[in-house]
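Working notes for the structure below.
The values are calculated or read from the model by the stated rules, or taken from the named source; none is laboratory data. Computed from a predicted structure; not experimentally measured. Cβ atoms come from the backbone with ideal geometry, glycine included; neighbour counts cover every protein chain shown.
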């Protein structure tokens, strides 16, 4: 005998409420994570840059970072919400969304980054540290 599992009204209501809450909280959580990653990277990577020019470009770099990460963030949100809408646990759904968005950003963004680094010649490096990084990379 074939049986079909039909969610009861209460189960459907719980899934709907979870989905509604996730739809509100998820974009906020993703943005907080992106900002945390950006500020952490800026703090660690550029902690020695004290010039006013560097500080003025902070917002410009943040906006570019947000633009680059947007497709992965949207994919993260979509995967998570789809998983939750099918009754999946929110923690597993969120983990699946993070992995999907992260892999997407990695696959899409890494090739252009390496092409940029490969096109730089050692004579173009702006500092001794840049020259050392390029020398080790090639």
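If you check 32, 28, 79, which single one turns out to be modelled with pLDDT of 90 or more, over 21 Å from residue 109 (Cβ atoms) and within 16 Å of the chain's Cα centre (by Cα)? Working first, answer last.
Details: 32 fails: over 21 Å from residue 109 (Cβ atoms); 79 fails: over 21 Å from residue 109 (Cβ atoms).
On inspection, the qualifying residue turns out to be 28.
Tally time: how many residues in region 67-87 are assigned to a helix (DSSP H, G or I), in contact (Cβ under 8 Å) with a residue 60 or more places away in the chain and farther than 14 Å from residue 25 by Cα?
Qualifying residue count, region 67-87: 1.
Which residues, taken from region 88-110, are farther than 16 Å from residue 37 by Cα, in contact (Cβ under 8 Å) with a residue 12 or more places away in the chain and surrounded by 15 or more Cβ atoms within 10 Å (Cβ to Cβ)?
90, 93, 94, 96, 97, 100, 104
With the checklist (1) surrounded by 12 or more Cβ atoms within 10 Å (Cβ to Cβ); (2) at pLDDT below 90; (3) more than 18 Å from the chain's Cα centre (by Cα); (4) at negative phi in hand, flag the one item residue 41 doesn't pass.
(3)
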